[in-house]
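Below: the structure, in structure tokens.
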Amino acid sequence: MQNYSLLSLARNALTGHKNWQKAWRSPPLKEKYEVVIIGAGGHGLATAYYLAKEFGITDVAVLERGWLGGGNVARNTVTVRSNYLRDQSIPFYVKSVSLYEGLTKKLNFNMMHSKRTMVDVVHNYPKMRDLRRRQLTMDIYNSTYEKISVDRVRQLIPALTGGGAGSRLPIIGGMVHKDAGVNRHDAVAWGYARAADALGVEMHQKTAVTSLLRANNGDIQGVGTVKGNVEAKKVVVAVSGHTTTITETASLRLPLRTMNLTAFVSEPIKPIVDVIVNCSDLGFYFSQSDKGELVIGGAPDSAQSFRRDIKQHVFEDTVGAMLELFPSFKNLKLLRQWGGHLDITPDASPIMDETDVPGLFVTAGWWGGYKAIPAGGLTMAYHVATNSPHPLMKAFSYNRFKNLDYILETGTTTAR
Amino acid sequence: MLLIHCPFCKNRNETEFVYGGPVGANRPDPNLVSDEEWVDYLTMVPNPMGPVYERWWHARGCDKWFIICRDTVTHEILENPSEEP
Ligand SMILES: Cc1cc2nc3c(=O)[nH]c(=O)nc-3n(C[C@H](O)[C@H](O)[C@H](O)COP(=O)(O)OP(=O)(O)OC[C@H]3O[C@@H](n4cnc5c(N)ncnc54)[C@H](O)[C@@H]3O)c2cc1C
Ligand SMILES: [Zn+2]
């Protein structure tokens, strides 16, 4: 792998940037691999990388329907945080946040990781009690959460001029999560892909998987693709909102529902907010990107959807709520809006497990799953390589539903 | 935005309705079914990429519950309401 550094930048500048190596190869598709991963999103690529890096399994193909990093990994609002509710979740996300913080060095790719505080703006006492309850559990696992006053909220977010005593829903305080951050989503996809490629992993774009193939004894045997069948003893489904479309071809039923979540960005402006602002009572959140755009997200569409768009009334609700608290944003022009479909389980926690089909693994139910990419990839790779679940993800089993052992995280993400 | 056909009010804006989820199995009596069937009822919903039957409630209108068939990709409403039995 060509090392990216100041020196390599200078050297390539001299030759007009014409001699940069391709970040990954495009080899012909083989008929057989040790492991096939379906989906070149964050989770698929990270799993491939850690399989090669940590477990020496390099005969791996990542099969992608569209282009690498064109799914939700490139459609999300890049909020990385560990303020979850349950004992099983928090350590997993703490690990993921810390892996993100070291990822630029590890992958020799600039993640533009920007550690920044997240502030929850709170408008009612039940919510405050709920967040304080989260804090008690987070304290145990070394994730920070702290209650702050209304004055402190306004100090941290000077643009927050609404929500005063006379308003319909006055602010009563806030919670501060100092471990949060944002980074560059393309870099996450490209960085993992490039590093995995350097270790021998193959990336195949425009290679949609159409079915799962099973041997006579029921084990997984490989996948059918638009370019023909590919054999593998182990197959990982990492297709985000499309999980059930793949698993149903093996007659497997999973407790998942697919929904569309949306976001939009403003024109770039001068630095106005240096924290991640989360107003879940009103139903929106935002942060400011390095380019100066405000990156804004709201609530998901109410009904199931496999369509990536934004509904006018969802957009209006989000903007209307935001202007209640940030009236000066009225002057902003909004540049782009988009959606992405994600799948979610009954308890809003992910499923990372081998399924009832031996050799078939799924990593699914990723609602706020961008933050989970490093730990998700690492622990999935562990499971695939060793045939036993990693301690950090053991609880996110498929069988927990059979015992109704929910890890309820409903309400700790944008899904409400 | 969907234009949803309420059996009573006819075509109305989606914003007047509350989504009630996909139509799954009817609620069984937990004392009469196996644990597997009970868990299935609690956790499984249809998730097709295509037509799905789902419940809607005209909460900001006539208060009726009804079922439509909607395509989850095109969002086209393929079958207009049958009233909740
Ligand atoms: C608007 C929005 C905002 C979000 N904000 C945040 C946030 O702030 N923080 C956070 O943590 N998370 C956030 N998320 C969630 C996060 O983006 C997802 O949970 C995560 O990206 C999903 O995992 P992934 O990266 O592997 O998925 P994807 O990038 O979607 O990867 C799945 C890949 O599988 C491919 N695929 C599908 N079907 C097939 C097939 N048949 N054959 C081959 N390939 C196939 C797709 O093309 C896709 O590239 C947000 C999501 C959205 C939509
Ligand atoms: Zn009506």
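Just a few scattered comments:
- Of the listed requirements (1) more than 9 Å from chain B (Cβ to nearest Cβ); (2) in contact with a Leu (Cβ under 8 Å, 6 or more places away or on another chain), residue A:333 misses just one: (2).
- Taken together, A:248, A:231 contain a single residue that is among the acidic types (Asp, Glu) and within 14 Å of another protein chain (Cβ to nearest Cβ), which is A:248.
- Selection status of residue A:73, touching a strand residue (DSSP E or B) at 6+ places or on another chain (Cβ under 7 Å) and not basic (Lys, Arg): no
- Wholly within segment B:30-85, strands (runs of 3 or more DSSP E) carrying at least 1 residues that are open to solvent by less than 30 Å² (accessible area, probe 1.4 Å), within 8 Å of another protein chain (Cβ to nearest Cβ) and free of Cβ contacts under 8 Å to residues at least 40 places away in the same chain: B:51-57
- All positions within segment A:251-284 that are within 14 Å of chain B (Cβ to nearest Cβ) and aliphatic (A, V, I, L, M): A:252, A:254, A:256, A:259
- Conditions (1) open to solvent by less than 20 Å² (accessible area, probe 1.4 Å); (2) in a loop (DSSP other than H, G, I, E, B); (3) farther than 18 Å from residue A:365 by Cα; number of the one not met by residue A:282: (1)
- Test: residue in segment A:179-198 that is over 21 Å from residue A:47 (Cβ atoms), open to solvent by 20 Å² or more (accessible area, probe 1.4 Å) and either touching a residue at least 40 places away in the same chain (Cβ under 8 Å) or assigned to a loop (DSSP other than H, G, I, E, B) (or both): yes
- Taking the listed residues A:381, A:385, A:364, the one that is surrounded by fewer than 21 Cβ atoms within 10 Å (Cβ to Cβ) and either touching a residue at least 12 places away in the same chain (Cβ under 8 Å) or within 14 Å of another protein chain (Cβ to nearest Cβ) (or both) is A:385, with no other qualifying.
- Single residue of segment A:334-361 satisfying the filter (out of contact with any Lys or Arg (no Cβ under 9 Å at 6 or more places or on another chain) and among the polar types (S, T, N, Q)) that is surrounded by the fewest Cβ atoms within 10 Å (Cβ to Cβ): A:337
- For segment A:215-225, the set of residues classified as closer than 16 Å to residue A:40 by Cα and either open to solvent by 10 Å² or more (accessible area, probe 1.4 Å) or part of a helix (DSSP H, G or I) (or both) consists of A:225 only.
- You will find that of A:247, A:258, the residue that is in a helix (DSSP H, G or I), of a type outside the set (A, V, I, L, M) and in contact with a strand residue (DSSP E or B) (Cβ under 7 Å, 6 or more places away or on another chain) is A:247 and no other.
- Residue tally, condition open to solvent by less than 10 Å² (accessible area, probe 1.4 Å) and in a helix (DSSP H, G or I), over segment A:154-178: 0
- Restricting attention to segment B:3-29 and to residues that are touching a Pro at 6+ places or on another chain (Cβ under 9 Å), within 12 Å of chain A (Cβ to nearest Cβ) and not in a loop (DSSP other than H, G, I, E, B), the residue that is farthest from ligand 2 (Cβ to nearest atom) turns out to be B:22.
- Members of segment A:138-153 found to be part of a helix (DSSP H, G or I) and touching a residue at least 12 places away in the same chain (Cβ under 8 Å), listed by number: A:138, A:140, A:150, A:152, A:153
The values are calculated or read from the model by the stated rules, or taken from the named source; none is laboratory data. Only a predicted model underlies this, so the values are computations on that prediction, with no experimental measurement involved. For neighbour counting, all protein chains shown are included, and Cβ atoms are generated from backbone atoms with ideal geometry for every residue, glycine included. These accessible areas exclude ligands, DNA and RNA; they are computed on the full protein's heavy atoms, side chains included. Shrake-Rupley method; radii C 1.70, N 1.55, O 1.52, S 1.80 Å.
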